[in-house]
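To start, the structure under review is shown below, and the notes come after it.
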Amino acid sequence: FFCFVFVMRVALVALLVFISVCYGADEGGLNIVPLPRFTCNPYEVDPNEPAPTNVNQLAPHNIDVVMSMGDSMTAAFAATAGKLLSVPIIPREDRYLSYTSGGGSLQYTINNFLSLYNHNIEGSSSGQTLPLDGLEVFGHHIEPIMTGVVGLNAALSGAKIQDIPQEIDFLVQQLQTTYKDTIDFENSWKVATLLIGANNLCVACNNNTSDFPETYGSMLNQSIAQLESSIPRVRLNLLPMFNITQVYYWSRANTYCTKIWNLFDECPCLSGRDSTEQDRQIVNEYAVKYRQQIDEVAAYWQEKNSSTFSVTVQPFTGSLKIINGELTSDFDCFHPSEVAHAWLGAGIWNSLWSPPSQKPTNATQLMVDGLEFVCPDKNTYMQ
């Protein structure tokens, strides 16, 4: 039904959009330097080396499993899609290139980088899936059907912070079914990544308690507690939400993007017909408060000083700026493009192996000046 409605809506506006926007001028921006080749080399590991027993002593080769949670950004919705009317008509979730669990050949992803050090790493996504965010059953999102393609990327298009418990349940189910013969559920070391909040921010101006920063922090804390109790031996990396209002302002510089935003109304508080500058200011303020909540929740879990579970904020995404149209999808000028996913993968990779004082925080500067990959050795632990 969702697909039918989507296609009908596209058909009704196709002529108007084609005439008025398909040949809109590019919006320009700062030049983004190409990412360098990933030239890190694997190191020798003693096959009899005992597995680490402390979550704070994980070298690259100790990571057995990569897991992801989030929304359509982590599902890589429309990362490679063309403009409206391009084939396929319904853009896919390009999970194979998602910055975290993507397993596509030559893609710059955390999974692919780690696979250099552990060829048996599990959890990668290998293909594309359909966005099912328009379908819900009893208040729950329809989970990905192609579990073999999805791997352990549990991200759901349209997800809010309230949907993370469902994603954790999906990960548990996958680990105990699809991966029951290749992953030691109790003893394998697992790295999880979570980026969530955009869909809460997009309706923040409605002043619903479900999107309040305090609610966000409470739900985040509850989800982390569920993750700890449900899946053994996890190192969780939290990615702070950037200010999504900048994507709206960037879209105003391009005719096609303006029309698409007006047509699909993906983010009501930014581009809704009745949205105002005050609404967009609320979204900005909430984004700042969401980041504060993330820091507070992470600090709470770090104080527990567990040897088998940890929570770390990787700050690379918090200051992310849209400096060039290459960073957003050609389809909707909103979701991260393939280029953006590669930069996210590269920046977060460097952050994983850097001490807190040296973690990359100025993503914009790196895109302009260039990035040099951090190449960990067997004595470098994830931080």
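The values are calculated or read from the model by the stated rules, or taken from the named source; none is laboratory data. Not measured: the values here are computed from a predicted model. Positions of Cβ are generated from backbone atoms using ideal geometry, with glycine treated the same way; all protein chains shown enter the neighbour counts. These accessible areas exclude ligands, DNA and RNA; they are computed on the full protein's heavy atoms, side chains included. Shrake-Rupley method; radii C 1.70, N 1.55, O 1.52, S 1.80 Å.
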Exercise for the section: Quick one: compute the contact order of the stretch 60-369, relative version, from alpha carbon pairs under 8 angstrom and 6+ residues apart, as a percent. Expected result: 22 percent
Problem - Span-rule helices in the chain, defined as complete DSSP H runs reaching 24 Å or more along the axis (Cα) with Kyte mean at least -1.0 - result: 2-21, 213-230
Problem - Solvent exposure of the stretch 60-369 as accessible area per residue, Å², 1.4 Å probe - result: 37 Å²
Practice task
Work out which GluC sites (Glu not before Pro) in the chain are exposed loop sites (DSSP not H, G, I, E or B, at most 11 other Cβ within 10 Å) and give the longest gap free of them.
Solution key: 45-185
Problem - Counted charge near Leu352, where neighbours are those whose Cβ lies closer than 10 Å (Asp, Glu -1; Lys, Arg +1) - result: +2
Exercise for the section: Find how many whole Å separate the alpha carbon centroid of the stretch 325-340 from the alpha carbon centroid of the stretch 285-307. Expected result: 29 Å
Handout entry: Long-range tail of P(r) for the stretch 60-369 (Cα pairs > 36 Å, %)
Key = 11 percent
Completion exercise
trypsin sites (Lys or Arg not before Pro) in the stretch 266-322 lying in a DSSP loop, each with at most 12 other Cβ atoms within 10 Å of its Cβ, come to Arg273, Lys304
Exercise for the section: Return the single residue from Ser86, Ser357, Ser188 with maximal mean-square fluctuation; model: Gaussian network over the chain, springs between Cα atoms under 10 Å. Expected result: Ser357
Exercise for the section: Grab the chain and count how many Lys pairs have their alpha-carbon atoms under 19 Å apart, sequence gap of 8 or more, or different chains. Expected result: 7
Handout entry: Under 12 Å, Cβ to Cβ, from Val339 - net charge with Lys/Arg +1 and Asp/Glu -1
Key = -3
